[in-house]
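In what follows, a structure is listed as structure tokens, so that the remarks can point back to it.
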Amino acid sequence: MGGDIAVRGSRYLTDKSQWRSCPLQNEPGSCMSNLVKFENVGMRYGVGPEVLRDINLTLEPASFHFLTGPSGAGKTSLLKLLYLAERPSRGLINLFGKDIVSLPRKALPTLRRRIGVVFQDFRLLDHLTALENVALPLRIAGAKEHQVSEHVKELLSWVGLEDRIDAKPPTLSGGEKQRVAIARAVIGRPDLLLADEPTGNVDPEMSERLMHLFVELNKLGTTTIIATHDIALLDRIKANVIRIEKGRLITKPPSALAGSQGVEVVGSSIEMDAPPTISGSGAIAAVRTDND
Amino acid sequence: MIAFFRRPLNFLPETRDSGGILPWVIAVMMYLCALGLVAALSLNAGVKSWGANLDRRISVQIVDVDRDLAIEKAKQVVAVVGQLQRVRARLLSDVEVRALLEPWLGVGNVSEDLPIPAIVDVIFDPGAEITRDDIELAVINVAPDARVDDHQQWLAQLRDFAHLIEALATLILFLVVMTTVAIVTFGTRARLAAHQAMIDILHLIGAEDHIIADEFGYRFMVYGVRGGVIGLVAALVTLFFLGRIAASVGSGLLPEFQLPLAGMILLGLLPIAAALITMLTARFTVLSQLKTTI
């Protein structure tokens, strides 16, 4: 399995002073604001039909969500809008207090650095080592090299890949690649973490371990959205579910099992060290789909 | 220039062929650049040198079937011209005159029975305001049939030709640089297309366009330096042999190969110029291409 990835509490990730105590701390009154807000958003590729229609969605800071729906329903398109790979054809998107539709292109990288993305196909750079892949976001952000090395090694150790830091993706197993991709997504301590079918390529045990990782990251204050088809996963982890069908959102209210942290793991066989808690984080997410 | 100051992220895979044929294409371009540069500069230096030698010189030729009579007239020319202020005149010996003919007729082909003129070499001091007419006036009484040549007509033609060659060399340099820019532009676009997925990832994790452009600029700068050095070395080897061939062909007919100090410095800067051209071209190409992405 390549190492135990039960969350041991990464010193790098759990260092409160390094996280934004409020994801929108630079915006006046933003701690009370929504992290993500979609208003009547529609999206089409080129001149094709709309793949997303009338999306109204509000995500609060430090909330946890599943995004689910049948294949072709528009999950990936919605994620693309969230990680700023596409712009909407219509409607308004407000991310971190910024209007994405009118934001100039040169302003996007700053926002993208606050978003961690775990792609379904990992999208690691094959010629770089695990360490170099995970280090990319920090290097892009201009971090000092000694800090980069220190933090990346610690994070890779945290996901159980301390022995694989010099391995290149083609030599890694699916689970190891997944963890490298996750480490790369969280190395920048994102305010918003998006994962597209993160458990699609791994066995059930690894799937559960990865989910614990996401839950712990959410508890550290990261708003987390996980796109998945995995019904069993939805049963095991009680959180808000955003369902999308034929490009439209359908809300499923949070399970009664979901506790005050907005997410709860049911019947976990994974042992977790006492996760660090961050005051003010982990509020229950409010998902409003005004179109329903 | 940012590539010089920012540590590259090294996200571009280093292929086994290290840029494919691009460094070699740049090497050929820089080779042509070096030859063009040397041709222009050495020709310019040669013409200046000839001009400097001939600007203060006039030749007086006395042609006569009677060689002794010609020599006698020439001596009188030396005497009358020598009386002019700040002017020196000297009768060339037979050996010197025959040596002047050798580049055209070949060494040893100037036979004893070949009628050769008597030539007086007139040299002015710097600042002496002597013209061809002054000399003609001075010699008209002692040698009315003397041919006075201030070399200016030949020199003017030579200068025109040199300027034409210089302009041509400059045009070739310009075309070579433009071709290099075009090749690097296409190479950069091809590499961008080949690594589009990787660039998308970099964008999505927060890379600004200039970070990606820096990486490309750095990589192409390395190709530019490699190509520039190879091209320069090849050009120096060619020039070395060309110089030796020119020296053996005949020292009177061809100007002595000489490259001024400024030319040597320019030649030495060629790899740096190649690096700058490739780096800036790649950088601007990447920046302009990325503008069209989200």
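For a label point 7 angstrom out from the Cα of A:Leu103 toward its Cβ, which stretches of segment B:274-294 have the backbone nitrogen within less than 17 Å?
B:293-294
Give me, ordered by chain and number, the residues 5 or more places off A:Val118 or on other chains with an amide H under 5 Å from its own placed amide H.
A:Leu194, A:Ala195, A:Asp196
Please check: in the Gaussian network model of chain B (C-alpha springs, under 10 Å), which one of B:Gly46, B:Gly227, B:Gly108 has the largest mean-square fluctuation.
B:Gly108
Shape of chain B from its Cα gyration tensor (a ≥ b ≥ c, root eigenvalues): rounded if a/c is under 1.5, otherwise prolate when a/b > b/c, or oblate?
Here chain B falls in the prolate category.
In segment B:5-106, which GluC sites (Glu not before Pro) fall in coil by DSSP and have 11 or fewer other Cβ atoms within 10 Å?
Within segment B:5-106, the qualifying GluC sites (Glu not before Pro) (loop, at most 11 other Cβ atoms within 10 Å) are B:Glu14.
Return the sequence-ordered ³J(HN,Hα) values of segment B:183-197 in whole Hz as given by the Karplus equation 6.51 cos²θ - 1.76 cosθ + 1.60 applied to θ = phi - 60°, using x for Gly and Pro.
Using θ = phi - 60°, the values come out as 5, 5, 4, 5, x, 5, 4, 5, 5, 4, 5, 5, 10, 4, 4 Hz.
Taking a point 7 angstrom from the Cα of B:Leu69 along the C-beta vector, which residues in segment B:99-137 have backbone N less than 16 Å away?
B:115-118
Pop out the ³J(HN,Hα) list for segment B:127-141 in order, Karplus 6.51 cos²θ - 1.76 cosθ + 1.60 with θ = phi - 60°, rounded to Hz; leave Gly and Pro as x.
Residue by residue, segment B:127-141 yields x, 6, 9, 10, 10, 4, 5, 4, 5, 4, 5, 5, 9, 4, 7 Hz.
Projecting each Cα onto the charge dipole of segment A:50-153 (Lys/Arg +1, Asp/Glu -1 at the beta carbon, about the Cα centre), which of A:Gly142, A:Leu52, A:Val117 comes out farthest on the positive side?
Working it through, the farthest residue towards the positive pole turns out to be A:Gly142.
Wrap a convex hull around the Cα atoms of segment B:14-92, take a quarter of its surface area, and give that in square nanometres.
Value for segment B:14-92: 9.9 nm².
Skipping prolines and chain starts, which residues have an amide H placed within reach, meaning under 5 Å, of the one on A:Arg44, given they are 5 or more residues away or on another chain?
Residues meeting the amide H criterion: A:Val51, A:Ser89.
Please work out the C-alpha center-to-center distance from segment A:91-124 to segment B:86-144 and express it in whole Å.
86
Counting only other chains, and only Cβ atoms inside 10 Å, what mean value do you get across the residues of A:138-144?
Details: counts 1, 8, 10, 4, 3, 0, 0.
That works out to 4 on average.
Fully extended, how many nm does the chain gain between B:Ala167 and B:Ser111 (0.36 nm per residue separation, minus their Cα-Cα distance)?
Roughly 16.0 nm would be gained on extension.
From the Cα gyration tensor of segment B:59-168, with a ≥ b ≥ c the square roots of its eigenvalues, which class applies: rounded if a/c is under 1.5, or else prolate if a/b is larger than b/c, or else oblate?
Cα axes put segment B:59-168 in the oblate bin.
Taking the inverse of the average 1/r across all pairs of different Cα atoms in segment A:46-195, what Kirkwood radius in Å do you get?
Radius from the Kirkwood sum: 16.9 Å.
Please give, to one decimal in nm, the separation of the simple spin-label points placed at B:Gln152 and A:Val47, each 7 Å out from Cα toward the Cβ.
Placing both labels 7 Å beyond Cα along the Cβ direction yields 7.4 nm.
Can you work out ³J(HN,Hα) from phi for every residue in segment B:265-273, in order, using Karplus 6.51 cos²θ - 1.76 cosθ + 1.60 and θ = phi - 60°, giving whole Hz and x for Gly and Pro?
So the J values, rounded to whole Hz, are 5, 4, 5, x, 7, 4, x, 5, 4.
Classify segment B:102-167 as rounded, prolate or oblate, taking a ≥ b ≥ c as the square roots of the eigenvalues of its Cα gyration tensor: rounded when a/c is under 1.5, otherwise prolate if a/b is larger than b/c and oblate if not.
The shape class here is oblate.
With the dipole of chain B worked out from charges on the C-beta (+1 for Lys and Arg, -1 for Asp and Glu) around the Cα centre, which of B:Pro117, B:Val28, B:Leu290 lies farthest toward the positive end?
B:Leu290
Here, each number is a calculation from the coordinates, and none is a lab measurement. Source: prediction; values computed, not measured. Here Cβ is always computed from backbone atoms with ideal geometry, including for glycine, and neighbour counts include all displayed protein chains.
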